[in-house]
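Here's the structure we're looking at; comments come further down.
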Amino acid sequence: MSKRDYYEVLGVNKNASDDEIKKAFRKAAVKYHPDKEGGDEAKFKEVGEAYEVLKDKQKRQRYDQFGHAGVGGASGGGAGGNPFGGFGGAGQNVHFDFGNGDFGDLGDILGGMFGFGGGGNRRRQPGRGRDVETSVTLSFEDAIFGTEVKVALNLDEKCSHCHGSGAEPGFDQKECPTCHGSGQEVKVVNTLFGAIQQAQTCHTCRGRGKVPDKKCTVCGGDGIVRAKQDIKVKVPAGVDEGSAIRLSGRGEAIAGGENGDLYVLIHVKPHKKFTREGDLILSEERVSMIDAALGAELEVETVDGTLIIKVPAGTQSGTDFKLSGHGVPHLRGGGRGAQIVTVRVETPTGLSRKQRDLLQEFKDNKKRSLFGQS
């Protein structure tokens, strides 16, 4: 589905000032906020996305020139079009600038609503092994095109000798003498309010309700052992800094329960030539004043190799050129974003006497033509 025009989303015209855009955003953000009665989460996201582009001078300029494709939000749902988007459902940090006023805590509300935030320990679920986080650092190119990496971790895994039962092979399990099969034991704690009974996991059977007739000679009856694991992680094309890949069941094991999950957080090394903005790749190329004035062919570096583009005569410094299909692959669909090449015109230095005379002659001729004396 095509994206709506960002100016239309905020209800302003294309000549709106920065202040008018900010006021329109605040009004719409309050109107559609999901915590408010009658709010609309989809429109709230849409408003936030539009403001993120139009508040930024450079993004707004590229949007006016190239549309959604110029700001990493290709029509149909690219990786960079939705500021609430992520990969794997974790590891994404989202921030909106609500400006000065009474809207500064809306970003915190968003974090609570949608679960955005950095790493940290995840709560351990009953009957399930712990989730584990690790991280990998990719080159810029590997993040663009995808790769396979290997991570080495020391994790609890089910004992291969007893298959996680805790009993030496050939021996049975029996009812736990401490909890009598319930998996819990009750302790009495004396407090200022009197004696209080607390139920907690049985320390003898660790909640399983049974103990082995003879403990496993490898794991000592725990059913799990600590071991080094080499885990291959397939990184899809188009991941970005802060993305997270979830490997279900590759976290730590627990006796009598399911394994936790492994979360691989993605870090991307900066590139000396390129920067990334959503599904866009941004770069700069320099041309001489003469080539900019007369026009020339320019060799441009992309992640796919070198391309030749034509620089028209009279090109001004700061002009953007769009190379469609040379940006970041879309995580949620086919196709790629664009590369935006910004041309910077270099002013010559260290001119020879002859070069100075030629430029002075050009300057004088230009002045005379202004007064109709050419």
Restricting attention to the range 227-241, which residues are open to solvent by 10 Å² or more (accessible area, probe 1.4 Å) and either of a type in the set (K, R) or not in a loop (DSSP other than H, G, I, E, B) (or both)? A227, K228, Q229, D230, K232, K234
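Take the range 176-200 and flag every residue that is β-branched (V, I, T), in contact (Cβ under 8 Å) with a residue 12 or more places away in the chain and open to solvent by less than 90 Å² (accessible area, probe 1.4 Å).
If the condition is that a residue be β-branched (V, I, T), in contact (Cβ under 8 Å) with a residue 12 or more places away in the chain and open to solvent by less than 90 Å² (accessible area, probe 1.4 Å), then T178 is the only one that fits.
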Of the numbered conditions (1) over 24 Å from G278 (Cα atoms); (2) touching a residue at least 40 places away in the same chain (Cβ under 8 Å); (3) open to solvent by 20 Å² or more (accessible area, probe 1.4 Å), A69 satisfies every one except a single condition; which is it? (1)
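Just name the residue that is nearest to Y263 (Cα to Cα) out of those in the range 158-172 that are of a type outside the set (A, V, I, L, M, F, W, C) and out of contact with any Lys or Arg (no Cβ under 8 Å at 6 or more places or on another chain).
Residue satisfying both the conditions and the ranking: K158.
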Can you confirm whether E297 is part of a strand (DSSP E or B), among the acidic types (D, E) and either at negative phi or open to solvent by 90 Å² or more (accessible area, probe 1.4 Å) (or both)? yes
Residue tally, condition within 30 Å of K232 (Cβ to Cβ), open to solvent by 60 Å² or more (accessible area, probe 1.4 Å) and not in a strand (DSSP E or B), over the range 153-173: 3
Scanning the range 28-50 for residues that are more than 18 Å from S2 (Cα to Cα) and in a helix (DSSP H, G or I), the one most open to solvent (accessible area, probe 1.4 Å) turns out to be K31
When residues of the range 5-27 are filtered for being over 14 Å from K55 (Cα atoms), modelled with pLDDT under 90 and either under 26 Å from the mean Cα position of the chain (by Cα) or surrounded by 14 or more Cβ atoms within 10 Å (Cβ to Cβ) (or both), how many remain? 0
Can you say whether F145 is hydrophobic (A, V, I, L, M, F, W, C) and open to solvent by 70 Å² or more (accessible area, probe 1.4 Å), as far as the supplied structure shows? yes
Filter the range 181-213 for residues that are at pLDDT 85 or above, polar (S, T, N, Q) and part of a loop (DSSP other than H, G, I, E, B) and give the result. S182
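The values are calculated or read from the model by the stated rules, or taken from the named source; none is laboratory data. Model, not experiment: these values are computed from the prediction. Glycine gets a Cβ as well: all are built from the backbone with ideal geometry, and neighbour counts include every protein chain shown. These area figures cover heavy atoms from the full protein model, side chains too; ligands, DNA and RNA do not enter into them. Shrake-Rupley method; radii C 1.70, N 1.55, O 1.52, S 1.80 Å.
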